[in-house]
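Asks: Okay, handing you the structure first.
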Amino acid sequence: MTLKLMKLPVFFLLIFVLFIPLVSSCSDDDARGNEEVPSATPIAGYRLVPMDLSRHISVSAQVEPVTVSQIASRMSGLVTELHVKEGDAVRSGDLLVRLDVEEEIAELRRAEAQYDYALARYERIRELRERDAESAAAYEEARTEKQVSKSEVELWRTRVGLGEIRAPKNGVITSKYVETGDAVSSNEQLFRLADLSTLVTRIGIAERDVVQLERGGPVTIRIDAFPATEFNGFIRRIFPAAEDDSRLITVEVEIEQGSGNVHVRPGYLARVQLTTDHRPDVLTVPSESLLASGRDETFVYIIDENDELKRRDVETGISRRNWTEIRDGLQAGDVVVGANPTNLREDLYVRVTRWVGEREDGMPATRESGDPAGGEDEDMEQLS
């Protein structure tokens, strides 16, 4: 019994001696493993995809008729008849207003009587002259008197006609400034007549953008009165010179009418969207991704298959909305550091925790790691 008790501690001693090297070996393996697999630095990544880097311009202006006529009275008088009101459609030659021309009519009748007398006297003297019974001087006097009388008739007939104001062309009465019984003066404005068959909006465009526009080019138009409807339009004409004060060049855009109950009217506010410098499929990176070396070379950090950063020299193009065009050095599908690369270095082991995408306004934004193309997520935040 005593011998068995003595052997028991020896047994445990052997186990302890064998276990210590094993524990030490495991600790060494763990330490070597930690040295071989360093901790990854969290970064924001961006996967290159083609992007529309065209220049988009939005300009607001009022809707206007393509032509507007100011109809004025050509004589002084009292308004006796008024045949139209605002909103009435008229055709060329339609009577709009009649003025009191009783005095002019009386003068016309007097002139016509004088002409009849002068004409009869001329015919009598002409017959006598043909028989050499009247002098040449008397004949010339009668002929002149006839012509003067005829001119007087034409004068008063014209003045009587001025009492009727008629539409000069087809259109719609948009403004009326006179009522029955009003006394009007010569050249006083009575109506505003607009051609509503063609509606336009005239916008001011800077010279650097207008050089890239051309007549007939398509545009997109939004009308505040119809927020859910998008209207089509085209550039009708480009004015030949810039305004003296603003240095902007007027561009006239014709608006195509909508269907159904959607009808654009003069005075509505139109928001015209133009596209210049077309660059529909351009490889870009966030401008924040770019770094510059001491040799004036531009480069980015690309993330390789081992999740390590590698420097890649690139050739850049234009920059727009905090995006920069990449002309050479990268290709679609490459993943680069999308934000704050300044404190990083080459061969650094990294882990993408956020992806940079494009917001609706075209600016870079980030989202949590997941879908690298998730640039349309509503929860995106702009990078600082």
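Just so it is clear, none of the values below were taken in a lab; they were calculated from the coordinates. Just so we're clear, the structure is a prediction, and the values are computed from it rather than from any experiment.
Asks: Could you work out the per residue convex hull volume over the alpha carbons of segment 148-251, in cubic angstrom?
Replies: With only Cα atoms used, segment 148-251 gives 233 Å³ per residue.
Asks: Also: Please report the equivalent ellipsoid semi-axes of segment 102-161, computed as sqrt(5 x eigenvalue) of the Cα gyration tensor, largest first, in whole Å.
Replies: After scaling each eigenvalue by five and taking roots: 29, 9, 6 Å.
Asks: Related question: Using the alpha carbons of segment 171-313, what is the convex hull volume per residue in cubic angstrom, as a whole number?
Replies: Per residue, the Cα convex hull of segment 171-313 comes to 235 Å³.
Asks: Right, next: Between residue 120 and residue 133, what is 0.36 nm times their sequence separation minus the Cα-Cα distance? Round to one decimal in nm.
Replies: 3.0 nm
Asks: Let me ask something else about it. Between segment 304-324 and segment 182-251, how far is it from one alpha carbon centroid to the other, in angstrom?
Replies: 43
Asks: Can you compute log10 of I(q)/I(0) for segment 210-256 with the Debye formula, treating each Cα as one identical point scatterer, at q = 0.15, 0.27, 0.33 Å⁻¹?
Replies: Once normalised to I(0) and log-transformed, intensities are -0.47, -0.94, -1.13.
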